[in-house]
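Everything below concerns the one structure shown next.
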């Protein structure tokens with residue numbers, strides 16, 4: 001089975017959980033021998049892992065015909081793409097896009113991030129997708145998140161192949177309810193046009209059904225999983241101070257993640273005991289507000305903001321922690337608690353997180369219940385048996401959550417969609 | 001003659017309230033009064049009152065042939081007295097029929113039998129006395145919380161003078177043996193054991209209203225036929241369950257009480273009688289001893305103590321609780337003793353289980369095992385602080401015990417001396433008018449004898465009392 005996937009991020013250059021999920025899912029699916037995945041991203045860097053799928057860079061796909069020779073193409077794109085593919089794609093340009101700004105190869109430039117002109121970039125992505133869809137041979141189209149829904153719809157219209165979309169988040173999660181009408185329109189259109197909708201949690205599925213008015217029969221929950229840790233990460237020696245406990249929050253400091261609840265809970269805990277430190281790693285638009293709040297509560301000596309963490313730094317921080325906390329107000333899934341549990345860190349998550357649906361060996365509280373949260377932090381730091389239980393059992397539990405199984409579930413949905421589509 | 005021994009447990013815990021760690025040291029009241037009142041009233045209304053009324057009818061209608069046994073935990077009795085006195089009235093009515101036996105059990109419905117013998121004996125005796133006070137008969141047969149039993153527990157129970165004990169007919173203990181005979185404890189041959197037939201008990205208590213069960217709907221004649229078709233020499237059929245099975249687990253709409261009411265007539269037709277545990281224990285003979293090295297219970301498929309002590313959380317909470325057992329035993333603070341009863345209830349540990357049994361478990365106010373653990377440990381933290389603040393921590397328990405004994409004995413001694421003093425003062429007061437009268441009559445200046453008698457007596461008594469003190473010290 002051949003799948004054409006549209007995505008926005010792919011490791012190692014990732015900005016959020018979408019890239020991690022895309023990688024894990026494709027890798028898990030690739031374990032099925034007859035699975036052949038082509039993954040489109042706006043801007044490959046050339047160091048992506050291509051051992052189990054093909055990657056097509058949208059910024060390397062021509063939309064305007066340029067007469068360039070093999071040497072030149074090879075020189076420009078050789079690191080990330082076979083020149084022959086460039087020529088094949090060039091044969092499938094379907095309209096005159098000279099009015100767009102294109103480079104010397106007739107390609108549109110992409111930032112591959114979330115720039116201010118995101119809508120324009122999404123539109124360009126969809127234009128390029130038309131070329132890719134005309135050139136590639138595939139059985140089914142799979143679009144990851146709203147940024148690529150227009151591309152998926154375009155590909156479906158061009159080829160008549162079924163479209164499956166993967167909802168990693170909705171705008172209701174990102175905005176605590178104040179949705180952006182443009183984003184909503186793109187999301188709703190994608191869902192209406194899709195032949196099947198996969199959601200990363202039951203929570204998201206309900207949002208899709210209730211807020212986007214989708215038929216429950218075409219919406220399925222496909223929970224995410226987590227990739228095993230590499231040996232390099234396993235070998236990181238945790239730096240721990242035996243006299244102090246560390247409670248960590250790791251993620252974007254934005255409204256969606258509920259950072260203020262963490263600060264409030266921390267101040268309650270610190271009223272009682274002083275041997276606990278709190279870390280809020282990451283950055284975001286609420287960071288300054290949080291620093292101010294911490295100062296207001298008078299706990300700045302015990303509350304730290306180390307900033308954005310990259311690559312292995314994340315695991316160094318996790319391994320040095322005694323408690324990981326994710327008080328998200330609305331989290332479609334949330335892979336980071338699973339990563340913390342892989343590092344044998346006891347975890348507290350909000351009940352409003354999608355991953356709460358598949359995790360059992362962690363503490364769940366309501367995001368607004370700062371007293372329960374404070375209580376949970378205090379008891380993990382105080383009662384050794386609870387700490388040990390969550391550490392060991394949590395690790396055992398999370399090691400059973402594998403992308404391979406998710407791959408089989410997705411495959412089952414593909415088969416079902418194809419059967420009905422004929 | 002084949003006989004059925006029907007026994008019901010009455011137990012309701014005192015619900016703990018949501019207790020955060022910042023309450024430690026500030027709030028010493030741990031209970032959710034609203035939940036306690038609401039739950040006991042619900043159980044009383046939906047189950048205890050209709051079920052007990054049915055049992056009373058059955059004893060009256062059967063002309064004394066229907067018999068039943070009950071046990072009530074101390075904490076449940078306290079709650080019933082406060083919130084549902086109607087149930088106590090019904091228990092009295094049932095007691096008046098003389099067809100009902102009350103059994104002894106630990107006051108707190110706790111697990112003290114597994115860890116602290118002294119504490120266990122104390123609460124069993126307290127429960128027995130309470131039952132005797134209420135119903136006029138001292139229990140002769142014992143049943144432990146959740147029918148927990150092991151050889152060691154059996155020996156302790158026998159040493160307290162009980163004739164029999166109820167426990168589970170666990171498959172892995174019995175092996176090829178049948179629960180339909182009476183056995184005895186391997187360490188104390190005088191203690192007879194009645195083993196629960198879990199199949200027949202669960203048919204009523206667990207499956208009765210389950211419409212997917214192959215035997216649904218179950219009728220009394222079918223049920224009695226099952227018992228009748230057992231091999232001839234199997235004489236004792238022990239059917240034990242919670243009283244709340246009638247009405248709560250099996251709703252009244254399933255006609256479970258009608259089923260129950262039909263049992264005596266059906267049994268009579270087949271020549272099967274009903275007996276109380278004491279009758280069986282005194283009349284029948286034990287066929288063999290039973291070895292139970294590790295504790296068994298009537299819960300879960302494993303029939304062991306893992307529902308309460310299966311994971312590290314439960315064991316930590318349990319060990320922390322009983323780490324102060326001796327101190328609580330020594331102290332005489334009423335509120336601490338009361339909290340001790342409520343905190344011991346095994347349900348508190350059950351809430352922390354992480355076992356997957358397939359049967360839904362109600363965790364009360366708790367979301368999860370961790371939530372239950374956190375809440376309980378916070379309360380326990382406060383409780384232990386209170387216990388430790390009673391006496392200095394650096395004195396070990398043995399030393400503390402002897403000091404307390406000395407203080408108590410000295411107190412008694414002082415009281416004795418005071419009494420003595422008053423007695424003598426009264427005597428001298430009486431003697432004085434007599435003496436003065438004599439003085440008037442006889443030669444003045446001879447008053448000394450009366451005085452000297454009194455002064456001689458006092459030191460003599462004191463010496464005896466002192467001797468007593470030292471003897472008591474040695475005893476303890």
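Number of residues in segment B:78-108 that are touching a helix residue (DSSP H, G or I) at 6+ places or on another chain (Cβ under 7 Å) and closer than 25 Å to residue B:119 by Cβ equals 10. Return yes or no: is residue A:247 more than 18 Å from the chain's Cα centre (by Cα), in a helix (DSSP H, G or I) and at pLDDT 90 or above? So residue A:247 does not fit the description; no. Residues satisfying the criterion are absent from segment B:211-227 (criterion: in contact with a strand residue (DSSP E or B) (Cβ under 9 Å, 6 or more places away or on another chain) and over 21 Å from residue B:1 (Cβ atoms)). From the list B:230, B:134, the one residue that fits, being surrounded by fewer than 21 Cβ atoms within 10 Å (Cβ to Cβ), at pLDDT below 95 and in contact with a helix residue (DSSP H, G or I) (Cβ under 9 Å, 6 or more places away or on another chain), is B:134.
Filter segment A:339-352 for residues that are more than 14 Å from chain B (Cβ to nearest Cβ) and surrounded by fewer than 24 Cβ atoms within 10 Å (Cβ to Cβ) and give the result. Once the filter is applied, which keeps residues that are more than 14 Å from chain B (Cβ to nearest Cβ) and surrounded by fewer than 24 Cβ atoms within 10 Å (Cβ to Cβ), segment A:339-352 yields A:339, A:342, A:344. Residues that are closer than 20 Å to residue B:36 by Cα and surrounded by fewer than 22 Cβ atoms within 10 Å (Cβ to Cβ) within segment B:353-379 comprise B:361, B:362, B:363, B:364, B:365, B:366, B:367, listed in sequence order. How many residues does segment B:320-362 contain that are touching a residue at least 60 places away in the same chain (Cβ under 8 Å), closer than 21 Å to residue B:305 by Cα and either within 14 Å of chain A (Cβ to nearest Cβ) or in a loop (DSSP other than H, G, I, E, B) (or both)? Residues flagged as touching a residue at least 60 places away in the same chain (Cβ under 8 Å), closer than 21 Å to residue B:305 by Cα and either within 14 Å of chain A (Cβ to nearest Cβ) or in a loop (DSSP other than H, G, I, E, B) (or both) within segment B:320-362 amount to 4. Residues that are in contact (Cβ under 8 Å) with a residue 40 or more places away in the chain, part of a loop (DSSP other than H, G, I, E, B) and within 12 Å of chain A (Cβ to nearest Cβ) within segment B:364-402 comprise just one, B:365. Among the conditions (1) in a helix (DSSP H, G or I); (2) within 27 Å of the chain's Cα centre (by Cα); (3) at pLDDT below 90, residue A:283 misses just one, which is (1). Among the residues of segment B:293-317, the ones that are under 21 Å from residue B:143 (Cα atoms) and either in contact with a helix residue (DSSP H, G or I) (Cβ under 8 Å, 6 or more places away or on another chain) or within 14 Å of another protein chain (Cβ to nearest Cβ) (or both) come to 12 in all. For segment B:63-91, residues that are closer than 19 Å to residue B:277 by Cα and either part of a helix (DSSP H, G or I) or in contact (Cβ under 8 Å) with a residue 60 or more places away in the chain (or both) total 10.
Name the residue, out of B:244, B:211, that is surrounded by fewer than 21 Cβ atoms within 10 Å (Cβ to Cβ) and assigned by TED's automatic domain parsing to the domain that holds residue B:185.
B:211
Here the condition is being free of Cβ contacts under 8 Å to residues at least 24 places away in the same chain and either within 14 Å of another protein chain (Cβ to nearest Cβ) or at negative phi (or both); of B:48, B:34, it holds for B:34 alone. Residues in segment A:366-384 that are under 20 Å from residue A:328 (Cα atoms) and either touching a strand residue (DSSP E or B) at 6+ places or on another chain (Cβ under 6 Å) or more than 10 Å from every other protein chain (Cβ to nearest Cβ) (or both): A:367, A:368, A:369, A:370, A:372, A:373, A:376, A:377, A:380. Taken as a whole, the structure leaves residue A:149 outside the set of residues that are modelled with pLDDT of 90 or more, under 22 Å from the mean Cα position of the chain (by Cα) and surrounded by fewer than 18 Cβ atoms within 10 Å (Cβ to Cβ). One residue stands out in segment A:385-422 among those that are farther than 15 Å from residue A:197 by Cα and touching a strand residue (DSSP E or B) at 6+ places or on another chain (Cβ under 8 Å): the one that is nearest to the other protein chains (Cβ to nearest Cβ), namely A:390. If we scan segment B:403-423, do we find a residue that is farther than 30 Å from residue B:345 by Cα, in contact with a helix residue (DSSP H, G or I) (Cβ under 9 Å, 6 or more places away or on another chain), touching a residue at least 60 places away in the same chain (Cβ under 8 Å) and not assigned by TED's automatic domain parsing to the domain that holds residue B:21? Yes, there is a match, as at least one residue in segment B:403-423 is farther than 30 Å from residue B:345 by Cα, in contact with a helix residue (DSSP H, G or I) (Cβ under 9 Å, 6 or more places away or on another chain), touching a residue at least 60 places away in the same chain (Cβ under 8 Å) and not assigned by TED's automatic domain parsing to the domain that holds residue B:21. The number of residues in segment B:13-29 that are surrounded by fewer than 22 Cβ atoms within 10 Å (Cβ to Cβ) and within 14 Å of chain A (Cβ to nearest Cβ) comes to 9.
Within segment B:11-62, the residues that satisfy the criterion of being part of a loop (DSSP other than H, G, I, E, B) and touching a helix residue (DSSP H, G or I) at 6+ places or on another chain (Cβ under 6 Å) are B:11, B:12, B:13, B:14, B:15, B:19, B:20, B:24, B:30, B:62.
Okay, residues lined up against (1) assigned by TED's automatic domain parsing to the domain that holds residue B:145; (2) in contact with a strand residue (DSSP E or B) (Cβ under 6 Å, 6 or more places away or on another chain):
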| residue | (1), (2) |
| --- | --- |
| B:285 | yes, no |
| B:293 | yes, no |
| B:303 | yes, yes |
| B:321 | no, no |
| B:330 | no, no |
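Counting the residues of segment A:353-394 that are crowded, with 20+ Cβ neighbours inside 10 Å, part of a loop (DSSP other than H, G, I, E, B) and in contact (Cβ under 8 Å) with a residue 40 or more places away in the chain gives 1. Within segment A:220-238, is there a residue that is touching a residue at least 60 places away in the same chain (Cβ under 8 Å), over 16 Å from the mean Cα position of the chain (by Cα) and assigned to a helix (DSSP H, G or I)? For segment A:220-238, residues touching a residue at least 60 places away in the same chain (Cβ under 8 Å), over 16 Å from the mean Cα position of the chain (by Cα) and assigned to a helix (DSSP H, G or I): present.
The values are calculated or read from the model by the stated rules, or taken from the named source; none is laboratory data. The shown structure was predicted, so the numbers you read here are calculated from the model rather than taken from an experiment. So basically every Cβ, Gly included, is an ideal-geometry build from the backbone, and we count neighbours across all protein chains shown.
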